[in-house]
Amino acid sequence: MLSAASSCKKNSPGGGGGGSGPVSERVTRPAACLRLVPYGGPYRGQVPDKRNKLYTPPYEPKVPGAYPAVPRSVLVANQKGGVLKSSIAAALSSMVAGRRRVLLVDADPQGNVSRNDLGVNPGDRGRMLAMAVQYGEALDPIRDVRPGLDVVPGGVLLGTLPQAAAVTSAAGLDMAQNLATTLGKLVQEEQYDLTIIDSGPGDVGLLDVLLRVSRHLLVPTADDDASLEGVDLIAGRYLRARSEGAQIELLGVVLANVNHRATSRNQAAMKSIAAKLEGSGSSAFATVIRTDKAAAVDMRARHLTPGELVAVAGASQKARFAKLRSTLGHAGSQPAETWSRDGSGLAGDYQQLTREVLTRIAEQEKRAG
Ligand SMILES: Nc1ncnc2c1ncn2[C@@H]1O[C@H](COP(=O)(O)OP(=O)(O)O)[C@@H](O)[C@H]1O
Ligand SMILES: [Mg+2]
């Protein structure tokens, strides 16, 4: 099973509000409380509206087994940039790692999640992943970037794949099968419990490859029209991949980078997402990821995961108080100051999303038998 709940307290943390003990402890120990309860989304049992764009027909691949998906792999995708794909990929993978073995694949030529969010430096500028996609070469991830978290770095060399695509297919090779085989082998050998794949906004050819290799799809969106239209675009590619034999299933859509207090605005966005998802068998996640610019700047600039930011911000705040109290002003070494006073609200959102994601993965696995 993906996770155990034996040590989980009833009032386990979520949203940064519940639970007891220091905030840093509450938000940095999420995986202990991941519960695999059956997912009972609002669409369960409803008659699907087949006119809807995202109506997911029962899975009957035209070419059975054409693309054997990597088990428990989650592709984070939306063709629109800036909807927190990389931030979510970093948060999910770091929150599950520690208790479970996690592989993070950075399939974005910008390499944001590996380089900026997790501080992988030097990486390989995406060379290893590009070679795996183009020639099926073996992947050797960077180990223990965080405890239990291995990373296949992204970078500019992934940008060479569109040109390589014609050569690859002329040589009788299929990029999706190359990656499915080499990534599947790695995941099996290393016994990863979860693989998170971050994708970039640009190259749709690479996105199509990832849609054929991944088992689950997670779509982040902001509440503006362009981001919501991005959901339609990815939906079209997702359905095409499935019709060609991909095993990927939509895990859900997450509303991200929104004012969590703007409840009526968020409800309207949720309604719009629900309309898009009607009949898909999936739904929007209940969790929304709040806007917290200060926390986001701190995390990227200092390569901190949400849990790490909470700890660092706590230390930084204590140092501020100590400095105020101290007549000397700056005795001893002080931790560098953070912009965010307390990243626990954002970390709590990610923790809650992690639980929902794992629950839905378990449910999809159960349904698939
Ligand atoms: N919760 C947040 N609130 C505000 N800005 C955020 C938040 N999380 C991330 N950001 C910032 O938003 C920008 C886009 O995030 P990113 O995760 O790179 O999106 P994508 O991968 O979809 O392009 C980055 O500058 C990032 O630092
Ligand atoms: Mg990104």
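Taking Leu255 and the conditions (1) in contact with a Leu (Cβ under 9 Å, 6 or more places away or on another chain); (2) buried (at least 23 other Cβ atoms within 10 Å of the Cβ), which numbered condition does it fall short on, given that it satisfies the others?
Exception for Leu255: condition (1).
If you scan the range 283-301, which residues turn out to be surrounded by fewer than 20 Cβ atoms within 10 Å (Cβ to Cβ) and more than 17 Å from Lys85 (Cβ to Cβ)?
Ala286, Lys293, Ala294, Val297, Ala301
Among the residues of the range 250-271, is there at least one that is in contact (Cβ under 8 Å) with a residue 24 or more places away in the chain, more than 29 Å from Gly345 (Cα to Cα) and more than 13 Å from ligand 1 (Cβ to nearest atom)?
Checked the range 250-271: no residue is in contact (Cβ under 8 Å) with a residue 24 or more places away in the chain, more than 29 Å from Gly345 (Cα to Cα) and more than 13 Å from ligand 1 (Cβ to nearest atom).
Give the number of residues within the range 104-141 that are assigned to a loop (DSSP other than H, G, I, E, B) and surrounded by fewer than 24 Cβ atoms within 10 Å (Cβ to Cβ).
Summing the residues that are assigned to a loop (DSSP other than H, G, I, E, B) and surrounded by fewer than 24 Cβ atoms within 10 Å (Cβ to Cβ) in the range 104-141 gives 15.
If you take the residues in the range 201-240 that are among the basic types (Lys, Arg) and part of a helix (DSSP H, G or I), which one is farthest from the chain's Cα centre (by Cα)? Step through it out loud before you land on a result.
Filtering the range 201-240 for residues among the basic types (Lys, Arg) gives 212, 215, 237, 240.
Of the ones still in play, those that are also part of a helix (DSSP H, G or I) are 212, 237, 240.
On the way: Arg212: 17, Arg237: 19, Arg240: 22 Å.
This residue is Arg240.
Looking only at the range 201-213, how many residues end up being surrounded by 24 or more Cβ atoms within 10 Å (Cβ to Cβ) and within 16 Å of ligand 2 (Cβ to nearest atom)?
2
List pairs: first residue in the range 86-103 and in a loop (DSSP other than H, G, I, E, B), second residue at pLDDT 95 or above and near ligand 1 (Cβ under 9 Å from one of its atoms) anywhere in the structure, Cβ distance under 8 angstrom, at least six positions apart or on different chains.
From residues that are in a loop (DSSP other than H, G, I, E, B), there are no pairs.
Hey, can you tell me all the residues within the range 262-284 that are of a type in the set (D, E, K, R) and over 16 Å from Leu239 (Cα atoms)?
Within the range 262-284, Arg265, Lys271 meet the criteria.
Before we move on, is Val254 at pLDDT below 95 and aliphatic (A, V, I, L, M)?
Answer is no for this residue.
The values are calculated or read from the model by the stated rules, or taken from the named source; none is laboratory data. These numbers come from a predicted model, not from an experiment. With ideal geometry, Cβ positions are generated from the backbone for all residues, glycine too; neighbour counts draw on all protein chains shown.
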